[in-house]
Amino acid sequence: MDRIQEYFSHKIPTAKNEIKDFLSKFGNEVVGDIKVAQLYQGMRGMPTLICETSKLDPEEGIRFRGYSIPELQKLLPKYPGGEEPLPEGLFYLILMNELPTEDDVRRVSNNWARRAIVPPHVFKTIDALPFKAHPMTQFVVAIMALRTESIFAREYASGCPKSEYWIHTFEDSMNLIARLPRIAAYIYRRAYKNDQHIEPDTKLDWAGNFAHMLGFDNKEFLELMRLYMTIHSDHEGGNVSAHTVHLVGSALSDAYQSFAAGMNGLAGPLHGLANQEVIKWTMEMKESIGSEVPTKEQIAEYCNSTLASGKVIPGFGHAVLRKTDPRYTAQREFALKHMPEDPLFNLISNVYDVVPEILKSTGKVKNPWPNVDAHSGQLLMHYGLVEYDFYTVLFGVSRSIGTLSNLIWDRALSMPLERPGSITTELLKKRFLE
Ligand code: CMX
């Protein structure tokens, strides 16, 4: 057992006892009512899951173990000379429920670097796919190919006791998080850079090394990756990718199977794929208007034509949030600091000025404000990562931190198989009409 795992193991008995004690006192209390409409509305607003790592407030946005993004930008350790938080620190915080020291973060970094070797058959599996296969398809296939390495699957098959499930899930999760940047970079370089690959730089941190393997060694880009990987990691338990990883994991599917399932959810256009859709939509707008700097009136006209054609405006709206996403704001501040004159940034800012009023005027959009995906593509484009089909893979690499921390806790707390009840419309009608 390594030091990080051992430290985590000390957290489990206390957490278990607290829950047991709480349940013995309040297990029969009612948490909320379920309205019939909610059953037809994607279960919006129903508290049905336990997720300890983060909580999303509709007005304020995400808090990771109680800390907002601006607070974490101050409190989490940075790379020497850097200003953005290291995702290793975010991982430590949400897993241990403790702010990490510089040493804790260095330990996570070194631990992931040690685990980062990807077996050759994974690259061969990716190579078997057409170059044009969507990067998210390649990503999911590669994660499943890596499943040959699952310690949980092996130990479960050989009859390990239930008390050890979390240990094997911990090992799988750490290995998977460590290896994803290499896999993602391989997919990127294969698809867009003539299959010319870059060896890892083991002196770098996890996100910095990822940027390096993608082929971007600009210091600002490394900082962007640290911020990006931190803020996309976790968004409480009910979003499609987090919920899917938890649900599939509840069948004792291993970390590879669970995470691959979650990534198929992230690849949907209403969820993570929106980050590529935003840039695609923005490029199509510029082309359609015939200008690099469309006016606000032209943007408004284009938005109305998007809505009239029955499409959504990507990057705006949210199932929970009712204000501008603080992840959007963090990225906007990065742009204001490093590239205030970037024409695409100015266009994205103008879209921000225009879209909310238009969405409000539809009378049906509950949240007219931008979400995380409205800004991320502009920052990547600025540094030359222009192949926007790849953007959701970046989101996916980051999401491993949150979803797999949760999976470790699920096994540590022996969370049961998830199996909610369902009901037919006919039965509902009978109940209320007869
Ligand atoms: N553009 C146009 N219409 C929108 C809209 C948008 N950006 N956001 C919501 N609406 C529409 C919905 O499609 C729905 O229309 P119908 O009643 O005709 O079906 C109506 O407004 C009400 O929807 P809502 O309750 O406000 O939003 P939901 O909780 O149902 O959906 C979301 C949330 C994110 C799927 C939706 O806002 C959307 O489609 N946004 C664009 C895609 C996007 O940016 N997704 C990324 C979200 C963040 C992430 O997961 O990465």
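Of all residues assigned to region 271-287, at least one qualifies as being within 11 Å of the ligand (Cβ to nearest atom) and β-branched (Val, Ile, Thr). In the set VAL386, VAL372, which member is surrounded by 11 or more Cβ atoms within 10 Å (Cβ to Cβ) and touching a residue at least 24 places away in the same chain (Cβ under 8 Å)? Sole residue among the options that is surrounded by 11 or more Cβ atoms within 10 Å (Cβ to Cβ) and touching a residue at least 24 places away in the same chain (Cβ under 8 Å): VAL372. The condition (being in a helix (DSSP H, G or I), modelled with pLDDT of 95 or more and more than 19 Å from ASN406 (Cβ to Cβ)) is satisfied by just one residue among SER9, SER24: SER24. Scan region 363-384 for residues that are closer than 13 Å to ASN275 by Cα and part of a loop (DSSP other than H, G, I, E, B) and jot them down. Answer for region 363-384, where residues must be closer than 13 Å to ASN275 by Cα and part of a loop (DSSP other than H, G, I, E, B): ASN371, VAL372. Remark: pairs (first residue in region 302-315, at negative phi; second residue small (Gly, Ala, Ser) and away from the ligand (no atom under 11 Å from the Cβ); Cβ separation under 7 Å; 6+ apart in sequence or on different chains) = TYR302/SER288. Take the conditions (1) away from the ligand (no atom under 16 Å from the Cβ); (2) more than 19 Å from SER405 (Cβ to Cβ); GLY42 misses just one of them, which is (1).
A quick yes/no check of all residues on (1) surrounded by 13 or more Cβ atoms within 10 Å (Cβ to Cβ); (2) among the small types (Gly, Ala, Ser); (3) more than 18 Å from the chain's Cα centre (by Cα):
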position	(1), (2), (3)
MET1	no, no, yes
ILE12	yes, no, yes
LEU23	no, no, yes
SER54	yes, yes, no
ILE94	yes, no, no
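Within region 259-275, residues that are touching a residue at least 12 places away in the same chain (Cβ under 8 Å) reach partners that are in a loop (DSSP other than H, G, I, E, B) and among the hydroxyl-bearing types (Ser, Thr, Tyr) with beta carbons closer than 9 Å, at six or more positions or on different chains, in the pairs ALA261/SER253.
Residue check: LEU359 meets all listed conditions (1) within 10 Å of the ligand (Cβ to nearest atom); (2) under 21 Å from the mean Cα position of the chain (by Cα); (3) part of a helix (DSSP H, G or I) but one, namely (2).
Quick one: in region 368-407, of everything that is over 27 Å from SER109 (Cα atoms) and among the polar types (S, T, N, Q), which residue is farthest from the ligand (Cβ to nearest atom)? Filtering first and then ranking leaves GLN378.
Taking helices (runs of 4 or more DSSP H) as the structural unit, those lying wholly within region 117-217 and holding at least 3 residues that are polar (S, T, N, Q) and closer than 27 Å to SER9 by Cβ correspond to 165-192. Taking region 281-313 as the range and being basic (Lys, Arg), in a helix (DSSP H, G or I) and within 22 Å of THR362 (Cβ to Cβ) as the test, only LYS296 passes.
For GLU341, the stated conditions hold: it is free of Cβ contacts under 8 Å to residues at least 24 places away in the same chain, more than 11 Å from the ligand (Cβ to nearest atom), among the acidic types (Asp, Glu) and surrounded by fewer than 21 Cβ atoms within 10 Å (Cβ to Cβ). Using the structure shown, decide if ASP33 is modelled with pLDDT under 95 and either of a type outside the set (Asp, Glu) or exposed (fewer than 14 other Cβ atoms within 10 Å of the Cβ) (or both). The answer is yes for ASP33.
The values are calculated or read from the model by the stated rules, or taken from the named source; none is laboratory data. Since this is a predicted model, take the numbers as computed values, not measurements. FYI the Cβ positions are ideal-geometry reconstructions off the backbone, even for glycines, and counts take in every protein chain you see.
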